[in-house]
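Undergrad: I am attaching a structure below and will ask some questions about it afterwards.
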Amino acid sequence: MKLKDIMTMNSLVLGPGCTIREAAALFLDHHVDSAPVVDDDGTLLGLFTAHHINRAVSRDMPAGTPVHELMQRDIRIGRPDDAVEDLVHFGQGQLPVVDGGRVVGMISRTCYARAIAERNLKISSEFKAIINSTSYMIIATDTRGVITVFNVAASRILGIGVDDALGMNIAALDLGIDFEEAIRSGREVPVQKVTVRGMPYIVSIYPVEMNGEQAGIVARFLDITELVTVSHELENVKELNRDLDAIIESSYDGIWFTDGDANVLRINKAYEAITGLPRASFYGRNMRDLVREGYFDQSVTLLVLRERTRQTIFQETKTGKSLLVTGTPIVDERGEIIRVVTNVRDITEMKQLIEKVDETQRIARIYESELNDLRRKYRTFDKMIWNSAEMKKLIESLSRIAQVSSTVLIVGESGTGKELIAEYIHANSGRAAAPLIRVNCGAIPESLIESELLGYETGAFTGARRGGKPGYFEIANGGSLFLDEIAEMPFSLQSKLLRVLESQEVTRIGGEKPRAVDVRVIAATNKNLVDLVRAGKFREDLFYRLNVVPVAVPPLRERREDIPYLVAHFVSMYNKTLKMTRRILPSVIDACVGYDWPGNVRELKNLIEHLMVIAAKDEIGPDDLPASLLKRPTAAAGLVVITSLMPLKEAVRSVEKQLLQKAYDLNKTTREMAEELKIDASTIVRKAAKYGITPAEK
């Protein structure tokens, strides 16, 4: 605000010869109490006021006395463009405003006070707008801690109205800060971090002084939530930069960076080792100059910038090196090239790389061949039939188990469908697109199981395939490996299996370099592994590693509700495969439901196939059922019923053949059969060949 904005235009001026009487009359006519005294040229000579008239009267001075004898000569004046705030105080009653030596206006104390009041009101409004416009929480107090300033941000954050907060003691806000000490010390308090309403803030406290004395404090709270986030992001960027530096410098390939104008930004130490060129001398240089100076015969960077695509060339350096150089453009969101990354290899390494690619392709073909062989070998029925509450609960559990990659141990009696459970887990998992490899640990000779699981390298042993052979773990990479009859795994191999499970790496027989594998292991057994652990026949640590997610498959006798559905399924299946139209009478199904099925689903499946083949009519009734199903023999019987006489040798052969066939139906391995029949496994194999007995479809 300028003086010209608040001055009054003064039409009354007095000449130096004007008398006291004339001046008094003019004051009354113009309703003023002072007037400037000017000469004939309008130049200010002094100020004559009503106070001078009163002084003349008190001294009995003649009324005709000229005003120049009483006027105040040493007066303060102002200029029209002077700022009002610069006019701190003036002693005379009014302040003449002079422009070019002539009086153009007058400012009274009343006008000045009004202007100052308006200015203070404006400053107060601006101050209020400023503190309310900031996102900082600002609180000011007097020396007693009573709140005098409380901005909108503080009201929003603390949930207290501005009018309610004014007049409160700041200690009542419970902000976790000793404001009394800050007020008492009268000094600026070091910045500190506090938590207000669960949010982090940095608090700065400043003293307020007035006329050199402590008048209170101002506290500013800065929300640093974004700052903390940015700080974390900055740390992440720094970590990424460190990782990038480590990756670039650890690379065996030479790496060369330029900007979008072919200026060199960075070169790793591998490039220096490959080419023999000092990398430090290239920083900041342009590739055009380096080609011109003969360091390179051509530049892939310039080719990339010209063609705007990835380029590969052979390059000759000044040191006589032949390089295979690949340049890759890096573009911004506008499609402009901002970086060119060049990868450098010498020709010798390129040849080695080609050989490695050929070897990789050859191994891939071996993998593909082995995988196709295994898929053909292990292709099987892939449906599960159930209706019982027990199986429904089990299937729901399997659906959850399938979503993770934890190791699963399936336990249950022989013939309960443990392999189908494993297949269900794999088919419903994220690994369904990868292979499920099935391995029967009891069906592979002990001398071969290690090489089958882990694979072998060329020359690992006599007869080893040239080029080596991947094991089941490698073939199942990315998928699942089903280890059936895990209890039959040789004790000497169990520690190696444990190491593979722990490290997710396999080392082929005869090899030194471990190979990373990503395989989910699903194991199964019909034996009590806890008893085997106690007996020292199974490693305790392997048991706990396999038993991460145990799955118990109930025997068929505990889920009899499933039997009618299974019977219907098997009848339909064999009608298709055998090209028949046979059906089972309800009485046969009732008999099946009443039977205990020691061989579980496998025994039921074999029975249905037997009935479908031997039945004389398409309608299969109770007369077609074996006597053991109609009336199950007791455990104490153990006798063969003799219905007619026959030669003893023929009877022995008949019983021996039936026992072997039953053993093959109910067991998976010759070792299990040997334990059941109390004879050597070799005897079982020999006699089975003699009678033409083959394992039943599992």
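The values are calculated or read from the model by the stated rules, or taken from the named source; none is laboratory data. Predicted model only: the values in this text are computed from it and were never measured. Every residue, glycine as well, gets a Cβ built from its backbone with ideal geometry; the counts of neighbours run over all protein chains shown.
Undergrad: Pick out the one residue from 434, 422, 427, 389 that is closer than 17 Å to residue 602 by Cα, of a type outside the set (Phe, Trp, Tyr) and in the same structural domain as residue 502 (by TED's automatic domain parsing).
TA: 422
To keep it simple, each residue is scored yes or no on (1) touching a residue at least 40 places away in the same chain (Cβ under 8 Å); (2) touching a helix residue (DSSP H, G or I) at 6+ places or on another chain (Cβ under 7 Å).
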{"residue": "416", "(1), (2)": "yes, yes"}
{"residue": "434", "(1), (2)": "yes, no"}
{"residue": "445", "(1), (2)": "no, no"}
{"residue": "451", "(1), (2)": "yes, no"}
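Undergrad: Now a separate question. Any residue in the stretch 213-225 that is surrounded by 12 or more Cβ atoms within 10 Å (Cβ to Cβ), at pLDDT 80 or above and of a type in the set (S, T, N, Q)?
TA: Yes: one or more hits.
Undergrad: Here is a further query. Which one of the conditions (1) exposed (fewer than 14 other Cβ atoms within 10 Å of the Cβ); (2) within 20 Å of residue 386 (Cβ to Cβ); (3) of a type outside the set (Asp, Glu) does residue 571 fail to meet, given that it meets all the rest?
TA: Among (1) exposed (fewer than 14 other Cβ atoms within 10 Å of the Cβ); (2) within 20 Å of residue 386 (Cβ to Cβ); (3) of a type outside the set (Asp, Glu), the lone unmet condition for residue 571 is (1).
Undergrad: Can you tell me which residues in the stretch 19-63 are among the hydrophobic types (A, V, I, L, M, F, W, C) and under 22 Å from residue 77 (Cα atoms)?
TA: 23, 27, 32, 35, 37, 38, 44, 45, 47, 48, 50, 53
Undergrad: Does the stretch 453-472 contain at least one residue that is in a strand (DSSP E or B), of a type in the set (D, E, K, R) and modelled with pLDDT of 90 or more?
TA: No, because not a single residue in the stretch 453-472 is in a strand (DSSP E or B), of a type in the set (D, E, K, R) and modelled with pLDDT of 90 or more.
Undergrad: If the requirement is being touching a strand residue (DSSP E or B) at 6+ places or on another chain (Cβ under 8 Å), assigned by TED's automatic domain parsing to the domain that holds residue 100, under 21 Å from residue 100 (Cα atoms) and not β-branched (Val, Ile, Thr), which of these qualifies: 17, 78, 64?
TA: Every option except 78 fails the conditions.
Undergrad: Test residue 517 against the stated conditions and say whether it is closer than 21 Å to residue 432 by Cα and among the hydrophobic types (A, V, I, L, M, F, W, C).
TA: Yes, satisfied.
Undergrad: Looking at residue 360, is it of a type outside the set (D, E, K, R) and assigned to a helix (DSSP H, G or I)?
TA: Yes.
Undergrad: If you check 359, 370, which single one turns out to be at pLDDT below 75, over 35 Å from the mean Cα position of the chain (by Cα), of a type outside the set (A, V, I, L, M) and outside the structural domain of residue 468 (by TED's automatic domain parsing)?
TA: 370
Undergrad: Now for a different question. Residue check: is residue 289 under 22 Å from residue 329 (Cα atoms) and in contact with a strand residue (DSSP E or B) (Cβ under 6 Å, 6 or more places away or on another chain)?
TA: Judged against the criteria, residue 289 is not a match.
Undergrad: Considering only the stretch 100-136, how many residues are of a type in the set (S, T, N, Q) and in contact (Cβ under 8 Å) with a residue 60 or more places away in the chain?
TA: Within the stretch 100-136, residues that are of a type in the set (S, T, N, Q) and in contact (Cβ under 8 Å) with a residue 60 or more places away in the chain number 2.
Undergrad: Can you tell which of 541, 562, 531 is assigned to a helix (DSSP H, G or I), touching a Leu at 6+ places or on another chain (Cβ under 9 Å) and either of a type in the set (Phe, Trp, Tyr) or surrounded by fewer than 17 Cβ atoms within 10 Å (Cβ to Cβ) (or both)?
TA: Exactly one residue qualifies, and that residue is 541.
Undergrad: I would also like to ask the following. Scan the stretch 544-559 residue by residue and report those that are in a strand (DSSP E or B) and in contact with a Ser or Thr (Cβ under 9 Å, 6 or more places away or on another chain).
TA: 549, 551
Undergrad: Mind telling me which of the residues 308, 292, 288 ends up being in the same structural domain as residue 263 (by TED's automatic domain parsing), surrounded by 14 or more Cβ atoms within 10 Å (Cβ to Cβ) and among the basic types (Lys, Arg)?
TA: Criteria check complete, one pass: 288.
Undergrad: Now a separate question. Any chance the stretch 583-598 includes a residue that's of a type outside the set (Lys, Arg), touching a residue at least 40 places away in the same chain (Cβ under 8 Å), surrounded by 14 or more Cβ atoms within 10 Å (Cβ to Cβ) and not assigned by TED's automatic domain parsing to the domain that holds residue 406?
TA: yes
Undergrad: List the number of the failed condition for residue 139; all other conditions in (1) in contact (Cβ under 8 Å) with a residue 24 or more places away in the chain; (2) within 30 Å of residue 83 (Cα to Cα) hold.
TA: Condition (2) is where residue 139 drops out.
Undergrad: For residue 277, indicate whether it is touching a Phe, Trp or Tyr at 6+ places or on another chain (Cβ under 9 Å), assigned to a loop (DSSP other than H, G, I, E, B), of a type in the set (A, V, I, L, M) and surrounded by 15 or more Cβ atoms within 10 Å (Cβ to Cβ).
TA: Yes: the conditions hold for residue 277.
Undergrad: Scan the stretch 178-190 and give yes if some residue there is aromatic (Phe, Trp, Tyr), more than 17 Å from residue 141 (Cβ to Cβ), out of contact with any Lys or Arg (no Cβ under 6 Å at 6 or more places or on another chain) and crowded, with 18+ Cβ neighbours inside 10 Å, otherwise no.
TA: No.
Undergrad: If residue 693 passes every condition in (1) exposed (fewer than 14 other Cβ atoms within 10 Å of the Cβ); (2) at pLDDT 75 or above; (3) not in a helix (DSSP H, G or I) but one, which one does it miss?
TA: It is condition (1) that residue 693 fails.
Undergrad: I would also like to ask the following. Could you check the stretch 566-594 and list, in sequence order, the residues that are closer than 20 Å to residue 619 by Cβ, part of a helix (DSSP H, G or I) and not aliphatic (A, V, I, L, M)?
TA: Across the stretch 566-594, the qualifying residues are 569, 570, 572, 574, 575, 576, 577, 586, 587, 590, 592.
Undergrad: Still on this model: Are there any pairs with C-beta distances below 8 angstrom linking a residue in the stretch 348-363 that is among the polar types (S, T, N, Q) to a residue that is loosely packed, with under 10 Cβ neighbours inside 10 Å and modelled with pLDDT of 75 or more, with the two at least 6 apart or on different chains, and if so which?
TA: none
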